[in-house]
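Read the structure below first, then the notes.
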Amino acid sequence: MKQFAVIGLGRFGRSVAVTLSKMGYDVLAIDSNEEKVNDIIEHVTHAVQVDAMDEQALKALGIRNFDVVIVAIGQDVQSNILITVMLKEMGVKKVVSKAVTELHGKVLEKVGADKVVFPERDMGVRVAHALVSKNILDQINLSPDYSIIELIAPEEFTGKTLGEGALRGKHGVTVLAIRRGSEIIISPGAKHMIEKGDVLVVVGRNDKLKNLEER
Ligand code: ADP
């Protein structure tokens, strides 16, 4: 079972820590602010009040042995970068750091963060997509050109099979799954009928997906 440590229990860090814990993972939550620690103590495996800039204190927590350490400090860019460097120097296998700007993200990559996340930017993109399309529910960017989207089946496709809707042929996208209420149909075939209210999970090029979104 993977063990996670989350440093910084602001809105983002807290949400990551509590979610991992709900998923059944071991989570050590760290913040220098006592209140933040007390607020999360019931929801994670361990929560400690530690200044993560203190290398000895981090070592004493055995931070090296965690599979993934998330640096979720946002406002204090300097601490965020220095802690990322320190964790990599201590030999932490996977360090995931939160960036607030593109430049900050580049610095984090250069100092060795294994993964850089931009929660505000990414959530902005998601919300914007959801606002302009009445059908789109969620989006995962696979690369700058390709994504997976979850959308409510556009009307023109309902009552038709996937083949008749020509999603792959004419629209150039592939339906990975269909969600119908609590039922999930994985890898549906061309003969599969799309019903009103179905949620389609679709992969494809962003320009092709955009055509679909705007229907
Ligand atoms: P968000 O934008 O996700 O709410 P913030 O940057 O506001 O994130 O919150 C960061 C959290 O990290 C705060 O709770 C703060 O107390 C904590 N924090 C900041 N610096 C340190 C540090 N050196 N050691 C431990 N926790 C820290």
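Just so it is clear, none of the values below were taken in a lab; they were calculated from the coordinates. Just so it is clear, the structure is predicted and the values come from calculations on it, not from any experiment. All Cβ positions, glycine included, derive from the backbone under ideal geometry; neighbour counts span all protein chains shown.
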Scan the range 4-28 residue by residue and report those that are within 10 Å of the ligand (Cβ to nearest atom) and not basic (Lys, Arg).
-> Val6, Ile7, Gly8, Leu9, Gly10, Phe12, Gly13, Ser15, Val16
When residues of the range 179-215 are filtered for being touching a residue at least 24 places away in the same chain (Cβ under 8 Å) and within 17 Å of Ser147 (Cα to Cα), how many remain?
-> 14
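It is to be established whether one or more residues within the range 137-145 are farther than 30 Å from Gly189 by Cβ and away from the ligand (no atom under 16 Å from the Cβ).
To start, the set of residues in the range 137-145 that are farther than 30 Å from Gly189 by Cβ comprises 144.
Of the ones still in play, those that are also away from the ligand (no atom under 16 Å from the Cβ) are 144.
Scanning the range 137-145, I find at least one residue that is farther than 30 Å from Gly189 by Cβ and away from the ligand (no atom under 16 Å from the Cβ), so the answer is yes.
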Could you pull out every one of the helices (runs of 4 or more DSSP H) wholly within the range 17-110 that has 3 or more residues that are under 25 Å from Asp122 (Cα atoms)?
-> 77-90, 102-110
If you go through the range 44-98, how many residues are loosely packed, with under 14 Cβ neighbours inside 10 Å, in contact (Cβ under 8 Å) with a residue 60 or more places away in the chain and more than 14 Å from the ligand (Cβ to nearest atom)?
-> 1
